[in-house]
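Each reported figure results from applying straightforward, stated rules to the coordinates on display, with no laboratory input. The shown structure was predicted, so the numbers you read here are calculated from the model rather than taken from an experiment. Here the Cβ is made from the backbone with ideal geometry for all residues, glycine too, and neighbour counts use every protein chain on show.
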Amino acid sequence: MAARIIDGKQVAQEMRAELRQECARLKAAGIVPGLAVVLVGHDPASTSYVTAKEHACAETGLYSSDNRLPAQTTQEELMGLIRRLNADPQIHGILVQLPLPKHLNESEVLLAIDPAKDVDGFHPFNVGKMVIGEKAFLPCTPHGVVQLLARSGVPIAGAHVVVVGRSNIVGKPVANMLLQKKEHANATVTICHTRTKDIGYFTRQADIVIAAAGRPNTITADMVKDGVVVIDVGVNRVEDASKKAGFRLVGDVDFDGVKEKASLITPVPGGVGPMTITMLLFNTVQSAKMANGLE
Ligand code: GUN
């Protein structure tokens, strides 16, 4: 079976068109959803993510506040900025780009963000609410994965989903979201990780494989069954002298091999990536509505 490609760019565009309409309706009621983006230092990948987030806000009708701080920013300075953003009525969402420089205490910073503005869904308050199935801001990449599955018509209830990777940003939350007793969930979920003895033993039983290990070729054709649905969350730079940048992006899945067995598969780039920022916009719009008593 040769796979159908899940076009993340197209799904993201559809969702952004819905959000643009929602922003226009809110604007007519005097409400402009506002996102504050905080970047400390000059990491090239983080800088390009942050720039993309700001462009997406402008294009969709959200206000964005750009807070780029030098690499030597102190914990006190960063905490002061978070407090000001927490108190700013124009701001409905606060995103602190991770990772922070090593001298800063990441968990203290995330804890300081008002949970009502935690559009990344990383505050322990929102993580806890998600785990017990209450309404909460859902982290953007895993939420994007669920939307891609749902909007591609993949049956999730009763499916065996094998998640490869157990990060706090992707593996753990996506596993949690899919096992909830809710729409677009009710899956049987297995989580594999670096200490799993034989990952292939589990992935061969999967109806849906979600690869979020952060390593190229983690999932190869011999590790999946015919007809599997594969979502590749990996973003890995591999050297490529034929590219101007000197590298190209690949996922965690051996795309060319696995696509011959899968029924549906996401490419990298153009799969999960475009969904992440879209879900951030979605959460910020939700937050603005809640702040104005509309949800
Ligand atoms: N760094 C990598 N992914 C993310 C993300 O989803 N949110 C933030 N804030 N930082 C990241």
Exercise. Considering Cα pairs under 8 angstrom that are at least six residues apart, work out the relative contact order of region 113-153 and quote it in whole percent.
Key: 32
Quiz item: Mind checking the angle between helix 75-87 and the chain's longest principal axis? C-alpha axes, 0 to 90 degrees, to the nearest 10.
Solution: 80
Self-check item: Length released on extending from THR188 to SER46, taking residue separation times 0.36 nm less the Cα-Cα span
Solution: 47.7 nm
Quiz item: Given a Förster radius of 35 Å and the C-beta distance between SER242 and GLU134 as r, what FRET efficiency does 1/(1 + (r/R0)^6) yield to the nearest 0.05?
Solution: 0.10
Quiz prompt | Label point at LEU249 placed 7 Å out along Cα→Cβ; residues across region 1-18 whose backbone nitrogen lies under 15 Å | solution = 7-13
Quiz item: Is there a pair in LYS9/LYS182; LYS181/LYS259; LYS9/LYS243; LYS27/LYS53; LYS53/LYS182; LYS129/LYS181 whose C-alpha atoms are over 24 Å apart, and which pairs would that be?
Solution: LYS9/LYS182; LYS181/LYS259; LYS53/LYS182
Quiz item: Any idea what the relative contact order of the chain is, in percent, if you count C-alpha pairs under 8 Å spaced at least 6 apart?
Solution: 22
Quiz item: At 222 nm, what helix-only mean residue ellipticity would the chain give, in deg cm²/dmol to the nearest 500, using -39500 (n - 2.57) for each DSSP H run of four or more?
Solution: -12000 deg cm²/dmol
Quiz item: Once fully extended, how much extra length lies between GLU106 and HIS55, figured as 0.36 nm per residue of separation less the alpha-carbon to alpha-carbon distance?
Solution: 15.8 nm
Self-check item: For q = 0.09, 0.16, 0.17 Å⁻¹, Debye-computed log10 I/I(0) when each Cα of the chain counts as one equal scatterer
Solution: -0.45, -1.34, -1.46
Quiz item: How far, in degrees from 0 to 90, does helix 8-28 lean away from the longest principal axis of the Cα atoms of the chain, to the nearest 10?
Solution: 20
Exercise. Would you work out if region 156-295 is rounded, prolate or oblate? Take a ≥ b ≥ c from the square roots of the eigenvalues of the alpha-carbon gyration tensor; rounded if a/c is under 1.5, else prolate when a/b is larger than b/c, oblate otherwise.
Key: oblate
Exercise. Find how many whole Å separate the alpha carbon centroid of region 245-272 from the alpha carbon centroid of region 128-155.
Key: 22
